[in-house]
Amino acid sequence: MTKSELFHHLLHKGPLPDKVLFRPILMYFAASFIGKTYGEFASDYRVLAEANLRCMDEFGLDLLGLISDPYRETSAFGAKIKYVPDGVPRCLNYVVETADDIVNLKNPDVYKSERTLDRIKAGELLSKKTQGKIPIIGWIEGPLAEACDLAGVQNMMMQLMMDPDFAHRLMDKCMVTAKDFAKAQIEAGCEIIGMGDAVCSQIDADTYNLFVKERHKELIEFIHGLGGKIKLHICGDTTHLLPSYKDFNIDILDLDWQVDIANARSIVGDEVILAGNINPVLVQDKTRDEVYNLCRDLVQKHHNERFILSAGCEITVLTLYENLKAMNEARFF
């Protein structure tokens, strides 16, 4: 079976007979692996595509991805972005400071904005090279994460408590662009859309349910309506949010290392593919055999479920190649 067929088997029929799928998040690591800087990886779709393809070949990845940094949409909204060789691109200004800024904020054309177009081109290039044989994961920022990128995390967190109208209006603007960007990436050949909203792990469940839950649900239904699948990624301890996901119809749910997979499964049900959840610091710092054993234990516990082996979040640039290969080897049984 092709990698795409393997994914659909897991999605619709359940566990595979002899292995679990393997898809760690690779960004800076992928850039370094092909001798490029993080800045090149984040700014040039050809570098992003090449890095993902070569990592797939070398480390046995079952899915490809377009994730690079959180500022694609932010740049399209008008923020200034600085690329740095050895780190995540930096956002140099906040586009939104006042309520009037939200009123005047225009939703960008994702095909005309340089950074969103770059990711769309990456999807087109990977789709052309893989011919539908490998699932490609596009990426959008969730509404709260994007609002924080536009207004600043501290400011946005204050607005959630002090000026709910400000928060709702800004997230509504973010929703429009999230839908536009998701649609463009699906049309470019992305089978799955990852939605990153990491800041949600920093708010309580009541705040999440009031401001974010229905927006996440709306985006998931929108992506499904386009024929795409959804991968929800919220870094950190999301144990308190799991009950809110129950009616989301998520296809893939990323779980960071602080979340107990068995507990998550008992809450979200058997139909969701759970991805995770080895601590990436351990993947970086442990020996090859220790990494293998950590992953092997996880695979043995969950190979009879819908499960993708991954780290809880991004594999670090300092991770040894042999440790990532150990993860790949551990998923066979």
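Remarks
- Single condition ILE223 does not satisfy, out of (1) within 23 Å of LEU63 (Cβ to Cβ); (2) surrounded by fewer than 24 Cβ atoms within 10 Å (Cβ to Cβ): (2)
- Within region 155-234, helices (runs of 4 or more DSSP H) holding 2 or more residues that are over 21 Å from ASP247 (Cβ atoms) and touching a Leu at 6+ places or on another chain (Cβ under 7 Å): 164-187
- Residue satisfying all of: in region 242-268; assigned to a loop (DSSP other than H, G, I, E, B) and charged (D, E, K, R); surrounded by the fewest Cβ atoms within 10 Å (Cβ to Cβ) among these: ASP247
- Selection within region 101-131 - under 20 Å from the mean Cα position of the chain (by Cα) and not in a helix (DSSP H, G or I): VAL110
- Meets criteria (closer than 28 Å to LEU21 by Cα and out of contact with any helix residue (DSSP H, G or I) (no Cβ under 6 Å at 6 or more places or on another chain)) for GLN131: yes
- Flag if ILE120 is in contact (Cβ under 8 Å) with a residue 12 or more places away in the chain, farther than 26 Å from TYR321 by Cα, surrounded by 14 or more Cβ atoms within 10 Å (Cβ to Cβ) and β-branched (Val, Ile, Thr): yes
- Selection from region 289-325 of residues that are part of a helix (DSSP H, G or I), among the aliphatic types (A, V, I, L, M) and either touching a residue at least 40 places away in the same chain (Cβ under 8 Å) or over 25 Å from ARG265 (Cβ atoms) (or both): VAL299, LEU324
Residues checked against (1) within 26 Å of LEU92 (Cα to Cα); (2) among the polar types (S, T, N, Q); (3) surrounded by fewer than 18 Cβ atoms within 10 Å (Cβ to Cβ):
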site: LEU6; (1), (2), (3): no, no, yes
site: HIS12; (1), (2), (3): no, no, yes
site: ARG23; (1), (2), (3): no, no, no
site: PHE29; (1), (2), (3): yes, no, no
site: SER32; (1), (2), (3): yes, yes, no
site: GLU40; (1), (2), (3): yes, no, yes
site: TYR45; (1), (2), (3): yes, no, no
site: ILE67; (1), (2), (3): yes, no, no
site: SER75; (1), (2), (3): yes, yes, no
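Residues checked against (1) in contact with a Pro (Cβ under 9 Å, 6 or more places away or on another chain); (2) among the hydrophobic types (A, V, I, L, M, F, W, C); (3) modelled with pLDDT of 95 or more; (4) within 20 Å of ARG23 (Cα to Cα):
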position: PRO135; (1), (2), (3), (4): no, no, yes, yes
position: ASN155; (1), (2), (3), (4): no, no, yes, no
position: LYS179; (1), (2), (3), (4): no, no, yes, no
position: LYS183; (1), (2), (3), (4): no, no, yes, no
position: GLY189; (1), (2), (3), (4): no, no, yes, yes
position: ASP204; (1), (2), (3), (4): no, no, yes, no
position: THR207; (1), (2), (3), (4): no, no, yes, no
position: ARG215; (1), (2), (3), (4): yes, no, yes, no
position: GLY227; (1), (2), (3), (4): no, no, yes, no
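- Candidates VAL110, VAL103, VAL95: the one that is within 25 Å of GLN159 (Cβ to Cβ), of a type in the set (A, V, I, L, M), surrounded by 12 or more Cβ atoms within 10 Å (Cβ to Cβ) and modelled with pLDDT of 95 or more is VAL95.
- A Cβ distance below 6 Å, combined with a sequence gap of six or more or placement on separate chains, defines the contacts here; from region 142-164, residues that are under 18 Å from SER201 (Cβ atoms) and touching a residue at least 60 places away in the same chain (Cβ under 8 Å) reach residues that are surrounded by fewer than 24 Cβ atoms within 10 Å (Cβ to Cβ) and of a type in the set (Val, Ile, Thr) in the pairs LEU144/VAL199; ALA145/VAL199.
- Scope region 40-91; condition among the aromatic types (Phe, Trp, Tyr), under 16 Å from THR116 (Cα atoms), touching a residue at least 40 places away in the same chain (Cβ under 8 Å) and part of a helix (DSSP H, G or I); matching residues: TYR45
- Of all residues in region 142-161, at least one satisfies being under 16 Å from LYS183 (Cα atoms), in contact with a strand residue (DSSP E or B) (Cβ under 7 Å, 6 or more places away or on another chain) and surrounded by 22 or more Cβ atoms within 10 Å (Cβ to Cβ).
- The residues of region 297-333 that are farther than 22 Å from GLY194 by Cβ and crowded, with 18+ Cβ neighbours inside 10 Å, listed by number, are VAL299, HIS303, ASN323, ALA326, ALA330.
- TYR94 passes every criterion in (1) under 18 Å from LYS179 (Cβ atoms); (2) assigned to a loop (DSSP other than H, G, I, E, B) apart from (1).
- The residues listed here are VAL212, VAL199; of these, the one that is buried (at least 21 other Cβ atoms within 10 Å of the Cβ), closer than 23 Å to GLN159 by Cα and over 15 Å from the mean Cα position of the chain (by Cα) is VAL212.
The values are calculated or read from the model by the stated rules, or taken from the named source; none is laboratory data. This is a predicted model, so every value here is computed, not measured. Note that each Cβ is placed from the backbone with ideal geometry, even for glycine, and that neighbours are counted across all protein chains shown.
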